[in-house]
Amino acid sequence: MDSKAKPFVLSVATAASISLSVAFAIAVIKRSKQSQKDAETSKLAESAVNAPFSATEWYAMTRNRNSSTAIYKDGGNEDDASAYVNIPQQPVMHPTMGGIVGRPETICLIMVGLPGRGKTAIAARTARYLNFFHGLECELFNVGNRRRSKAGYLAEEDYGFDQESIKKRKLYSDMTLNELKLFLLQSGRIAIFDASNVTSQRRLEVYSEIKKLGKVDVIFVEVISSETMVNELEMAEEDVAGSAAIDSASVDYEKRVGHYEKVYEPIASGPRDEDHEHSFSYIKCIDRGKQIILNKIDGYMPGRIAQFITNCCHCHWTTHKKSLYLSRHGQSHYNASGRIGGDSDLTPMGERYALALRDYSEEVICTVLPGEEEDSHSPPSKLDTGDQASAGSSSPSSPAGPSSSSSSPAHVPARLWTSTLKRTRHTARHIRSPTVVVGGYPWIQMKPRVWSNLDEIYAGACDGMTYEEIKERFPKETKLRKADKLSYRYPRGESYLDVIQRLEPLVQEIERHRESLLIVGHQGVLRMIYAFYAGIAREDAPHQELKLNHVTVLTPHAYGCGCELVNLLEKETPADDGQKHH
């Protein structure tokens, strides 16, 4: 950049900073006025919230409900409006920003750690989890993205810690922090500040700025690793995408990391009576989750966040990446007749798919072919001699020397989950479960685990019907479901929001596992799992299609999720199961 252009760039950045400051001040004024209004309204609410409701009022409140409810007759009352009373759930005042019940718990997560340690992967996955499973307004503020959008690529020498380099980088950091503060003031519930923040002084500056907003819980999330960064090349290529400034992205990236290593100060690394950071709330993830340190983590939502981060902090470290395989059950008799729900068994085509899924599991999911990179943190495993014959491997009398191990596939640990329903269990019943040895310990490969949480969405009164029969018998329900498929609840059945709620513990479990996982499930449930990992909004999740006879392969990584669709019965096309357009 020449000297003539430099003042212009700084003036643009200064103007952007001023506009953010003005917006920030306006938001503070609006929030102050809203707080006064809320205080007056809450007095009225306190007097009304415990007031009893008459039968007529109950009737008026529930007649417009989105789904059918049981109707009970009060025989002692002759008034029609009072004689038949719907009994819904107790109405709840949901907390909203500036609402009657006051401001809810607001949280700011501040990422800490050297570049390339997985901060962005953890931050993005956590934001996605809070948005999808808890419906919270959560946003990720990444300083690197801000810098790339404004200045493009910065060379390695710009990442030193001399005054000039610090000032240049701090400009983009402060702009991102101002956006975060504005988000929390206006409507945000949880914000994530994704930056290195490697010095105690910088962390204190960020903490002080956030605390100026008022009651905001600040939690630091530090990712520490003493091992080589196996995702270094991916991080480097992302950072210099579209730039011809350097020949080797990874070499430049290593030099940049070296600058940060010289000044890095882990959180609360000083004596307890001298280091103020011991009073902070923080989560430390050390060496891919081998050690987790929690300090002053209080409350329900901070606890859920800590649990999720504890489970997912290892996920970005493998070169042979952990994949999630989603498969619908083989075609069932209800699929063939276009009916929903039920517990029918497989058709002949469904049985053929079950056999094809067995072969795919053994040849692809549980195997690393010669030449492929093995997970650097999970040593290659060998079949136990007692199960070699059943798994179709070499004779026990033939020792596996160096030459044989390089020419034959290596077996890697994998898991298998199904629902409790017959069609998923029968689809997975052909998959064998040999014993392999991992790190000197026996492991039962693809041992089936049955989860009721994976059962298909329950259609209640509509269970076992075709969509045409539902349209004929329940025309109002058909219209309500079409208007809002996500929150619609079948009469005496479930909604997709109910499914999301029961899948949350399973996603925590998926994140915890280091091994690849095959889930044989149902379209309604798999839609939600697929949407979460693929980054699809909750509102669009119920409209995703997962085809029969196909396996969907999801491979999460730092900047998103890879997706591949594999057809296991290419020569066969199942009949319309009635769910494609519903």
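Set side by side, the residues LEU346, LEU324 differ, and just one is buried (at least 16 other Cβ atoms within 10 Å of the Cβ), at pLDDT 95 or above and in contact with a helix residue (DSSP H, G or I) (Cβ under 9 Å, 6 or more places away or on another chain), which is LEU346.
Is it true that some residue in region 307-321 is farther than 20 Å from CYS108 by Cα, open to solvent by 20 Å² or more (accessible area, probe 1.4 Å) and in a strand (DSSP E or B)? The answer is no, given that none of the residues of region 307-321 is farther than 20 Å from CYS108 by Cα, open to solvent by 20 Å² or more (accessible area, probe 1.4 Å) and in a strand (DSSP E or B). Restricting region 495-521 to residues that are part of a loop (DSSP other than H, G, I, E, B) and among the charged types (D, E, K, R) leaves a set whose member that is farthest from GLU545 (Cα to Cα) is ARG514.
Taking the stated definitions as given, is GLU205 at pLDDT below 80 and surrounded by fewer than 20 Cβ atoms within 10 Å (Cβ to Cβ)? Considered against the rule, which asks whether it is at pLDDT below 80 and surrounded by fewer than 20 Cβ atoms within 10 Å (Cβ to Cβ), GLU205 comes out as no.
Within the bounds of region 350-370, is there any residue that is modelled with pLDDT under 90 and farther than 19 Å from LEU517 by Cα? Spell out the reasoning first.
Keep residues of region 350-370 that are modelled with pLDDT under 90, which gives 366-370.
Applying the additional criterion that residues be farther than 19 Å from LEU517 by Cα yields 370.
Yes: one or more hits.
When residues in region 397-414 are screened for being open to solvent by 50 Å² or more (accessible area, probe 1.4 Å) and either modelled with pLDDT of 95 or more or in a helix (DSSP H, G or I) (or both), 5 of them pass. One residue stands out among those in region 273-304 that are in contact with a strand residue (DSSP E or B) (Cβ under 7 Å, 6 or more places away or on another chain) and in a helix (DSSP H, G or I): the one that is farthest from ASP217 (Cα to Cα), which is MET301.
At pLDDT 50 or above and among the charged types (D, E, K, R): does that describe ASP375?
Details: at pLDDT 50 or above: no; among the charged types (D, E, K, R): yes.
No, not satisfied.
Of the conditions (1) modelled with pLDDT under 80; (2) touching a Ser or Thr at 6+ places or on another chain (Cβ under 6 Å); (3) surrounded by fewer than 16 Cβ atoms within 10 Å (Cβ to Cβ), ASP287 clears all except one; give me its number. It fails just one condition, (1). Every condition in (1) open to solvent by less than 50 Å² (accessible area, probe 1.4 Å); (2) assigned to a loop (DSSP other than H, G, I, E, B); (3) not hydrophobic (A, V, I, L, M, F, W, C) holds for THR478 except the one numbered (2).
Being part of a loop (DSSP other than H, G, I, E, B), open to solvent by 10 Å² or more (accessible area, probe 1.4 Å) and of a type outside the set (Lys, Arg) is not true of HIS426. The number of residues in region 184-199 that are open to solvent by 20 Å² or more (accessible area, probe 1.4 Å), within 23 Å of the chain's Cα centre (by Cα) and at pLDDT 90 or above comes to 2.
Answer yes or no: is there a residue in region 260-277 that is over 21 Å from the mean Cα position of the chain (by Cα) and closer than 29 Å to TYR533 by Cα. It would help to see each step written out before you state the result.
First, pick out the residues of region 260-277 that are over 21 Å from the mean Cα position of the chain (by Cα): 260-277.
With closer than 29 Å to TYR533 by Cα added as a condition, the list becomes none.
No, region 260-277 has no match at all.
Identify, from the list ARG492, ARG432, the residue that is open to solvent by 50 Å² or more (accessible area, probe 1.4 Å), outside any helix (DSSP H, G or I), under 18 Å from GLY342 (Cα atoms) and not small (Gly, Ala, Ser). Give the steps one after another, and end with the answer.
Working: ARG432 fails: under 18 Å from GLY342 (Cα atoms).
Unique residue meeting the criteria: ARG492.
Pairing residues of region 535-559 that are open to solvent by 20 Å² or more (accessible area, probe 1.4 Å) and at pLDDT 95 or above with residues that are assigned to a strand (DSSP E or B) and of a type in the set (Lys, Arg), at Cβ distances under 9 Å and at least 6 apart in sequence or on separate chains, gives HIS550/ARG328.
Being under 23 Å from GLN307 (Cα atoms), in contact (Cβ under 8 Å) with a residue 12 or more places away in the chain and open to solvent by less than 20 Å² (accessible area, probe 1.4 Å): is that true of VAL520 here?
The answer is no for VAL520.
Can you confirm whether region 325-346 contains a residue that is polar (S, T, N, Q) and under 30 Å from ALA410 (Cα atoms)? Give the steps one after another, and end with the answer.
Keep residues of region 325-346 that are polar (S, T, N, Q), which gives 327, 331-332, 335, 337, 344.
Now drop any that are not under 30 Å from ALA410 (Cα atoms), which leaves 327.
Scanning region 325-346 turns up at least one residue that is polar (S, T, N, Q) and under 30 Å from ALA410 (Cα atoms).
Annotation note: Cβ proximity below 7 Å between a residue of region 113-134 that is over 15 Å from ASN197 (Cβ atoms) and a residue that is among the polar types (S, T, N, Q) and in a helix (DSSP H, G or I) (sequence gap 6+ or interchain) occurs for no pair. Residues in region 436-462 that are outside any helix (DSSP H, G or I), in contact with a strand residue (DSSP E or B) (Cβ under 7 Å, 6 or more places away or on another chain) and touching a residue at least 40 places away in the same chain (Cβ under 8 Å): VAL436, VAL437, VAL438, PRO442, TRP443, GLN445, MET446, TRP451.
The values are calculated or read from the model by the stated rules, or taken from the named source; none is laboratory data. Treat the numbers as computed from the prediction; the structure is a model and nothing was measured. Ideal geometry is used to build each Cβ from the backbone, glycine not excepted, and the neighbour counts take in all protein chains shown. We work out accessible area using only protein heavy atoms, side chains counted, and drop any ligands, DNA or RNA first. Shrake-Rupley method; radii C 1.70, N 1.55, O 1.52, S 1.80 Å.
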